[in-house]
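Since the structure comes first, as structure tokens, the remarks are kept for the end.
Derivation of every value follows stated rules applied to the coordinates shown; laboratory data play no part. The structure presented is a predicted model; accordingly, all values stated were derived computationally and were not measured. Every residue, glycine as well, gets a Cβ built from its backbone with ideal geometry; the counts of neighbours run over all protein chains shown.
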Amino acid sequence: MKKEYLLSPGPTPVPTDALLSMARPIFHHRTPQYQALFKEVNEGLKYVFQTNNDVLTFASSGTGAMEASVVNFLSPQDKALVVRGGKFGERFAEICEAYGVEVIAIDVQWGNPVDPELIERSLLENKGIKAVYTTLCETSTGVLNDIEAISKIVSRYDEAILVVDAISGLGADDLRTDDWKIDVVVSGSQKGLMIPPGLAFFSVSQKGWAHVDSARCPRFYFDLKSAKKAYDNNDTPWTPAISLVIALSESLKIIKKETLANIFLRHRRLADATRRAVEALGLELFAKAPSNAVTAVQVPQGIDGKNLVKLMRDKYGVTIAGGQGELKGKTFRIAHLGYMVEFDVIVAIAALEMALKDSGYGFSPGAGLVAAQEAFVK
Ligand SMILES: *Cc1c(COP(=O)(O)O)cnc(C)c1O
């Protein structure tokens, strides 16, 4: 028998109440029953997004909301400033290019956060930038960007909106949508929100809405105006992913009960213990400014990084994530995101130690576990 542990930065484990709720009989969405659910879920999303803006939901993975954040605000030939500090920053640039939007890229060395000054400089040097795209937690590198500082800069430019990919960061790293004046925040269901993949979320500020009318990129399914028109009547333009929305209402109840403040503290505690454990094993952290959602670690010299992740999964039943893009085989990533507690970190570190031992890496067995336990017992 093998028991499987899912410790990846998406999809993440789903709490039992949310899982079971998806087995409830399906009901029709053009009903008062669905309207009540929809209303409740939308209020919960506002709490998690820390906003009074509407939070719209699409039946897609997170990338759908990323695409929506391009096509609803820009026209072909418009200029967009894109922070490319990892796989997901690159994705924003690829979406822009697919629609003929001109990309002005800030290429950040992977593992580093973007220097907000570079954004200021680009906005000054390139007149007419309509949108700035960046990530809260760049999941591919484990880096947390300073969104507050970035937003202070972008919010001074009337013609530019700030779009933040908070797909993995939401509910792990603090993100104050309204206080920090962030125009568009994008997220997905299978990370900090603790339900399966399949829903994407999207909050839009007043300033953001002002850009929608002039945007001429083609769009239909992800058209914000259709979504908003329906939303104002507690409705959705197309068939919603009813069972996932039911699950979301359960996970939002769990979130409200714990409170966002305590959720951030828990993620910090888990992240801190993971980092200390990894360093106690003589390994190096990859991110210079680490997010509390995921810890990216450099694979040590002489060890096969892909095989290490495979051993953890196939031999020990513990799924973490390998490196992405140019980091394939060079890093691995342990998530402490969503429905995770102290013992998920203990499991991850124990399996890591065992797989490192199998791989012939020299370290003092148990050192990581001791460090993690010391971080927890205070
Ligand atoms: C997971 C993730 C995505 C991709 O979302 P999908 O749900 O796979 O489409 C985008 N950005 C970030 C930062 C992510 O962590």
Calculated from backbone phi, Karplus (6.51, -1.76, 1.60) coupling profile of the range 320-326 in Hz, x at Gly/Pro: 10, 10, x, x, 10, x, 5
With Cα atoms, 0 to 90° folded angle of helix 260-280 axis to the chain main axis: 40 degrees
Spatial separation of Cα centroids for the range 274-310 and the range 356-377, in angstrom: 12 Å
Directionally averaged shadow of the range 1-49, computed from the convex hull of its alpha-carbon atoms, nm²: 5.5 nm²
Long-range amide H partners of VAL318 with built H, under 5 Å: TYR5, ARG313
³J(HN,Hα), Karplus 6.51/-1.76/1.60, whole Hz, each residue of the range 355-371, x for Gly, Pro: 5, 5, 4, 4, 7, x, 7, x, 7, 8, x, x, 4, x, 5, 4, 4
C-alpha center-to-center spacing [the range 49-64, the range 311-353] in angstrom: 28 Å
Length gained when the stretch GLN373-GLU94 is fully extended (0.36 nm per residue, less Cα-Cα span): 96.2 nm
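Once you order the gyration tensor axes a ≥ b ≥ c over the Cα atoms, which shape class does the range 120-226 get: rounded for a/c under 1.5, otherwise prolate or oblate by comparing a/b with b/c?
Details: a/c = 1.96, a/b = 1.19, b/c = 1.65.
It is oblate, given that a/c is not under 1.5 and a/b is not larger than b/c.
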Alpha-carbon Rg/Rh ratio, for the range 274-378, with Rh computed the Kirkwood way: 0.92
For GLY188, residues with placed amide H under 5 Å, excluding near neighbours: PHE201
In order through the range 76-84: 3J(HN,Hα) via Karplus (6.51 cos²θ - 1.76 cosθ + 1.60), integer Hz, x for Gly, Pro: x, 6, 5, 9, 10, 9, 10, 7, 10
Shape category assigned to the range 46-182 from the gyration tensor of Cα positions, a/c cut at 1.5: rounded
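What's the magnitude of the charge dipole for the range 1-76 around its Cα centre, counting Lys and Arg as +1 and Asp and Glu as -1 at the beta-carbon? Answer in Debye, nearest 20. Intermediate values should be presented prior to the final figure.
Working: 6 positive and 6 negative charges, 45 e Å.
So the dipole magnitude of the range 1-76 works out to roughly 220 debye.
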Top positive-direction residue, dipole computed over the range 16-257 with Cβ charges, set VAL41, ALA172, PHE73: VAL41
Amide hydrogen neighbours beyond the local backbone of THR135, cut-off 5 Å, H modeled: ASP165
